[in-house]
Amino acid sequence: MQENENSPIDSSQKQEESQEIENTQEDDSKESLESKIKELQDQYLRTYADFENTKKRLIREKDQALEYAYEKIAKDLLPSIDALENALKSIKDSKENLQEGEIIEKIEEGIALTLDNLLKTLAKHGIEPIDTTGEFDPNFHDAIMQVQSDTHKAGEIVAEMQKGYKYKERVLRPSMVSIAKA
């Protein structure tokens, strides 16, 4: 007699084995997923920490850049300071040897050279005097008075009372001017 291959014992044993294999696969799958989740969480934490460090570094660099923004212009202004100091020393040294007229000429020459040097330095950094020839422009000029003028048309600038300056196209200080009456 042949035994039936599908006997109840064999069938239940096969089911148990199949169930164990499924459970083992599920456990392996859960462990694999948990491992993957932990790996992704770790990767996220590292990336977030890198981001925070980069953010802090950029803030620190920005603060430093703002703190030292005027370093270049300050270095360029030092020769003007040196020229003024030399002029003072020269005046003190020459008081005994020169006459009063010669001292005044030396002072005038020194001031003119220093002013020229200072204006060149400012121009190098984009700071320039505002032009006060021609028509009055409220964007660049402040009219502090109106005067009668036979040589100027109404609204034209007659005289500059105080020089104005602009940084690139932005007004630092408008020119104070007098304009011709209508």
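Structure above, values below:
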| item | result |
| --- | --- |
| Checking residue 157 against (1) modelled with pLDDT of 90 or more; (2) surrounded by fewer than 15 Cβ atoms within 10 Å (Cβ to Cβ), the condition it does not meet | (2) |
| Single residue of 115, 84, 88 found to be surrounded by 11 or more Cβ atoms within 10 Å (Cβ to Cβ), at pLDDT below 90 and more than 29 Å from residue 173 (Cα to Cα) | 88 |
| Counted residues, region 163-182 - those being assigned to a loop (DSSP other than H, G, I, E, B) and either free of Cβ contacts under 8 Å to residues at least 24 places away in the same chain or among the hydrophobic types (A, V, I, L, M, F, W, C) (or both) | 2 |
| Total residues in region 56-81, condition basic (Lys, Arg) and modelled with pLDDT under 80 | 0 |
| The lone exception for residue 169 - which of (1) over 27 Å from residue 84 (Cβ atoms); (2) surrounded by fewer than 13 Cβ atoms within 10 Å (Cβ to Cβ); (3) touching an Asp or Glu at 6+ places or on another chain (Cβ under 7 Å) it fails | (3) |
| Residue among 113, 118 that is touching a residue at least 40 places away in the same chain (Cβ under 8 Å), in a helix (DSSP H, G or I) and closer than 16 Å to residue 80 by Cβ | 118 |
| Hits in region 160-182 - residues which are of a type outside the set (D, E, K, R) and over 13 Å from residue 130 (Cα atoms) | 178, 179, 180, 182 |
| Some residue of region 55-69 being closer than 26 Å to residue 127 by Cβ and among the aromatic types (Phe, Trp, Tyr) | yes |
| Failed criterion for residue 90 (all others in (1) hydroxyl-bearing (Ser, Thr, Tyr); (2) farther than 20 Å from residue 165 by Cβ; (3) outside any helix (DSSP H, G or I) hold) | (3) |
| Residue in region 131-162 that is farthest from residue 181 (Cα to Cα), counting only those that are in a loop (DSSP other than H, G, I, E, B) and more than 38 Å from the chain's Cα centre (by Cα) | 151 |
| Filtered residues of region 124-150 (kept if out of contact with any strand residue (DSSP E or B) (no Cβ under 9 Å at 6 or more places or on another chain) and either under 21 Å from residue 84 (Cα atoms) or in contact (Cβ under 8 Å) with a residue 24 or more places away in the chain (or both)) | 124 |
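The values are calculated or read from the model by the stated rules, or taken from the named source; none is laboratory data. What you are looking at is a predicted structure, and each value in this text was computed from that prediction instead of being measured. Note that each Cβ is placed from the backbone with ideal geometry, even for glycine, and that neighbours are counted across all protein chains shown.
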